[in-house]
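Quick notes on the structure that follows.
The values are calculated or read from the model by the stated rules, or taken from the named source; none is laboratory data. Bear in mind the structure is a predicted one, so any value in this text is a computation, not a measurement. Cβ coordinates were reconstructed from backbone atoms using ideal geometry, including for glycine residues, and neighbour counts include every protein chain displayed. The protein model used for the area step is the full one, side chains on, heavy atoms only, and it has no ligands, DNA or RNA in it. Shrake-Rupley method; radii C 1.70, N 1.55, O 1.52, S 1.80 Å.
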Amino acid sequence: MKTLLAFAMVAAATGAHAQTTVTLGGVADAALRQVSNDGRGTERSLVSGGNATSRLVFRGSEDLGGGLAASFWLEHGLALDTGSPAQAAQFWDRRSTLSLASKTLGELRAGRDFVPSYSNWSRYDPFGYVGVGSSSNLISASPVGPIKSAFGSNPNTVVRSSNAVQWLMPSGWGGLEGGLMVAAGEGGTAATGQHKVVGARLGYAGDSFGVSAAHTRSTNDLTGDQAFTDSAIGAQLNLGFARASAAWRRFEQDAAAQTNLLVGAWVPLGPGELKLSWTRAEMSGSAAGASIDGNGARQWALGYFYNLSKRSALYGTLSHLDNEGAHTLAVPGGISGMAGGGSSRGVEIGIRHTF
Amino acid sequence: MKTLLAFAMVAAATGAHAQTTVTLGGVADAALRQVSNDGRGTERSLVSGGNATSRLVFRGSEDLGGGLAASFWLEHGLALDTGSPAQAAQFWDRRSTLSLASKTLGELRAGRDFVPSYSNWSRYDPFGYVGVGSSSNLISASPVGPIKSAFGSNPNTVVRSSNAVQWLMPSGWGGLEGGLMVAAGEGGTAATGQHKVVGARLGYAGDSFGVSAAHTRSTNDLTGDQAFTDSAIGAQLNLGFARASAAWRRFEQDAAAQTNLLVGAWVPLGPGELKLSWTRAEMSGSAAGASIDGNGARQWALGYFYNLSKRSALYGTLSHLDNEGAHTLAVPGGISGMAGGGSSRGVEIGIRHTF
Amino acid sequence: MKTLLAFAMVAAATGAHAQTTVTLGGVADAALRQVSNDGRGTERSLVSGGNATSRLVFRGSEDLGGGLAASFWLEHGLALDTGSPAQAAQFWDRRSTLSLASKTLGELRAGRDFVPSYSNWSRYDPFGYVGVGSSSNLISASPVGPIKSAFGSNPNTVVRSSNAVQWLMPSGWGGLEGGLMVAAGEGGTAATGQHKVVGARLGYAGDSFGVSAAHTRSTNDLTGDQAFTDSAIGAQLNLGFARASAAWRRFEQDAAAQTNLLVGAWVPLGPGELKLSWTRAEMSGSAAGASIDGNGARQWALGYFYNLSKRSALYGTLSHLDNEGAHTLAVPGGISGMAGGGSSRGVEIGIRHTF
């Protein structure tokens, strides 16, 4: 009888072990969106990823003993509304990494991942850098400015870098967190999406307070010696009845700069959570031989997030974006061709399912 | 002893639970095909999906309580013979949806999926709209007619629509089934694969008899106000010794129409099932400034399907397609360049493995 | 009590069964590489797959009873450093097959897979045809020669063939192994990656000695009647303190030939294994109207492979490649534009994690 039982347990344990070799997960997120752009009218659409980008994740970890572990992470972004990959030529666009991690010395991670400055900005955005309320609506390579000067319309390092090696601080260093990232240019060009990157992030995360700073420097054939720099500082405070954040992020390239400010709040309200953000982006200096002073945009956003379960939620978001100067930024999903200085308004209601 | 046993059961149950978060499945189907086209000779090839399109499916469901469930479905079509995605730019071409479903009120489904008229036609095709015997051999955007007028060679809505929101009737409404689909054009064009779609399907499925009707209306920059309409009516009858089906489907756009007829049968025979179909497509009216009357094609197909197990089967199919007028339709896999009005013959034997 | 126990075992077994429907596995491999090319300087990069190509595998098998099994295999190659598929248009580039296998009669396999001559060469390469020490550094479609004549820069059959049907010998035929492959041209051209292929492999694998030979013949619109032939013979010997291999492989097309030689060794040393190889490629005859005699290259490589666990390993490899005549082959990852006859040197250290 004991023998039989032992066999049953082994079978069950084997099952459990096999599952942890590869863990399959992801997000399916769809929303109904309506965007109105000044002078252009209103557009309605079904969108993917109003609250979190739809994705599929394959990951796994192996305990090597002695506090060491090897792990991999492959993350594919997708447009649930059309069935297309988020990036046509880069299936695993969100993350593709291999790590060797020590509990005491930290993690060595190789591959494609977020740059330090992005990680240091998006965490303070209550809308997580997606949807009609995202701070990404103001961070774009379209307007003449440092991003466009440094990368053109090629892949840039405002969010992620390919070909990167990182060291990430272990947990347990008295609340400190952070890391270093280095990517070689590999002889490539901006057009091939290859940039030389050096970056670092350092932060403190306590129970009621957190603060962090990051700096990322990218060079390629378009920047020449005038590197694109991306600096970000942010803080958040847990007030008990709410959580508040504030962040500053500045892009510079040669004589052009873009300065971004963000103030955010998460407020438990009724059965869900209210989210608020105010974001501002301002250009300064000159780019492409002309002054870009006075160009910029402001956006406020208001959202409500309601958990149906641990894995599923309903959400609704409103946002309003006002351009300044010649800027024509807009909430995504509207009709293009707005005149400089116009306003864009967006609203969406959606479902986010984590699996 | 009971404690140990309980542990074993928990471990096993945990394993089972973890598996249901994401279910991985699909179809691998390969066949040897030979196609002869009048005046062009014979071509032999290894093909993917003679009985069912080769695919990989990631799906999952979460019980939200109270008869509610959230679920997702990502389905990738692939060419097993070459390793290529079925659609180069649309990895999840077959289906990518997020649903919120109630046992009593039905399912809200968002994303890319079959249009109502397609669902109402393919179910009556014994060959499931794939292979040498498929009714799809007669439904093509190549001949001048309503499909070509409405979509050109761009993605069309004859099978699926992106950007769609559906309501699907719950089971248990006295055998009734059906649903509604709406997709906004999203400001796009036929060239970007964005069409405005409105459709509905209603059917009755009993033990020995089923009947259903559907209508789907698509508009884009090519159709202008002269929408492409796709109407389908079908019925099936279980005779005990066999199952028989008949269906009618008509495409219209401006002055052009294509009318399709299908008669099918599934006959248990020996250790497997015999399948038969007769399909006819007729053009009428005018398109691109000229009459298309008298153009069309007829096809008959005969197949045998033999289950090796619950998940694996062998199959063989014969088909013969005769064009009328200027039509040059052909069984897929042959040598192109047949003259108008010619005949095409196909045969294939294959294996279908469901996983 | 026995009832409960039986239930536990069924639950565990059910879990195990469901898992074997689809098995998910793969390799994540990343390395830091430095390559120096004569007159061009040194390039550093993060690369994917220094020891084994990074990949994701979906596979499964169903026991049909009577010694028969149906199975599928989908294998996707990826660049872990950038998150891109290894082949943009062919997601399942490494293998996509459906099989029906008998324990006594062997396996029928349909789809995309290695050609017999490749399988008969790569197994004798201690570096497995990847990384700075790979014999693939000398087998390229770039130099004027039989590969370029037969395939241009289109997909070739030096490694794999699409649209193929194979018969693979069962195990247990007294140590014999091998198989046959046939692929129809399917009316395609070299530009569409469709080649007509016929190939065979036969070998003997004993405990201390193995020998095998293969021949693969490919034709397409570029070869005309002058087929591209790929012959390979190899042997390996287990000496106890080391394993040694030697192989010969010759490509011919019309008047052009490339002859490759390989000598390899695997030597257990300390906690890991030392690997050595010497490879030589020589052109002869004429191609594109000119003599190619005297063109070629030689390479030696030295590596050390250290297992961290059953699934994870560290490795380091050094290689040196010398061109002869007008050849400009190089270790991958260096700066292009080397003059004819130059040398290329590579070194890499990396991690390989199997999951």
Members of the range C:88-100 found to be assigned to a strand (DSSP E or B), within 21 Å of C:N154 (Cα to Cα) and open to solvent by less than 20 Å² (accessible area, probe 1.4 Å), listed by number: C:S96
Strands (runs of 3 or more DSSP E) within the range A:221-272 that include 3 or more residues touching a residue at least 60 places away in the same chain (Cβ under 8 Å) and under 23 Å from A:Y315 (Cα atoms): A:256-269
Tally, over the range C:298-331, of residues that are open to solvent by 30 Å² or more (accessible area, probe 1.4 Å), over 23 Å from C:D29 (Cα atoms) and in a strand (DSSP E or B): 3
Residue in the range A:181-220 that is farthest from A:A247 (Cα to Cα), counting only those that are touching a residue at least 40 places away in the same chain (Cβ under 8 Å) and of a type in the set (A, V, I, L, M): A:A190
Some residue of the range B:337-346 being under 22 Å from B:A28 (Cα atoms), modelled with pLDDT of 95 or more and touching a strand residue (DSSP E or B) at 6+ places or on another chain (Cβ under 8 Å): yes
C:M283 being over 30 Å from A:F72 (Cα atoms), within 14 Å of another protein chain (Cβ to nearest Cβ) and of a type in the set (A, V, I, L, M): no
Some residue of the range C:297-307 being touching a Phe, Trp or Tyr at 6+ places or on another chain (Cβ under 9 Å) and small (G, A, S): yes
Considering residues of the range C:274-304 that are under 19 Å from the mean Cα position of the chain (by Cα) and charged (D, E, K, R) only, the residue farthest from C:A247 (Cα to Cα): C:K275
Any hit, the range B:50-65, residues being open to solvent by less than 40 Å² (accessible area, probe 1.4 Å), of a type outside the set (V, I, T), within 26 Å of B:G172 (Cβ to Cβ) and more than 10 Å from every other protein chain (Cβ to nearest Cβ): no
Residue among C:L74, C:L32, C:L78 that is under 25 Å from A:S61 (Cβ atoms), within 14 Å of chain A (Cβ to nearest Cβ), open to solvent by 50 Å² or more (accessible area, probe 1.4 Å) and not β-branched (V, I, T): C:L32
Residue pairs meeting the criteria (Cβ under 6 Å; at least 6 apart or on separate chains; first away from chain B (no Cβ under 14 Å) and in a loop (DSSP other than H, G, I, E, B), in the range A:332-345; second at pLDDT 95 or above and crowded, with 18+ Cβ neighbours inside 10 Å): A:G340/A:T328; A:G341/A:N323; A:G342/A:N323
Those residues of the range B:273-297 which are part of a strand (DSSP E or B) and surrounded by fewer than 18 Cβ atoms within 10 Å (Cβ to Cβ), in sequence order: B:L274, B:W278, B:G285, B:S286, B:A290, B:S291
Some residue of the range B:304-317 being closer than 27 Å to B:T223 by Cα, charged (D, E, K, R) and either away from chain C (no Cβ under 13 Å) or in contact with a strand residue (DSSP E or B) (Cβ under 6 Å, 6 or more places away or on another chain) (or both): no
Residue count, the range B:306-332 (criterion: touching a Pro at 6+ places or on another chain (Cβ under 9 Å) and under 30 Å from C:G65 (Cα atoms)): 2
Leading residue by the ranking (surrounded by the most Cβ atoms within 10 Å (Cβ to Cβ)) among those in the range A:157-171 that are in contact (Cβ under 8 Å) with a residue 24 or more places away in the chain and more than 14 Å from chain C (Cβ to nearest Cβ): A:V158
In the range A:184-218, residue farthest from A:Q258 (Cα to Cα) [restricted to those that are open to solvent by 30 Å² or more (accessible area, probe 1.4 Å) and of a type in the set (S, T, Y)]: A:S208
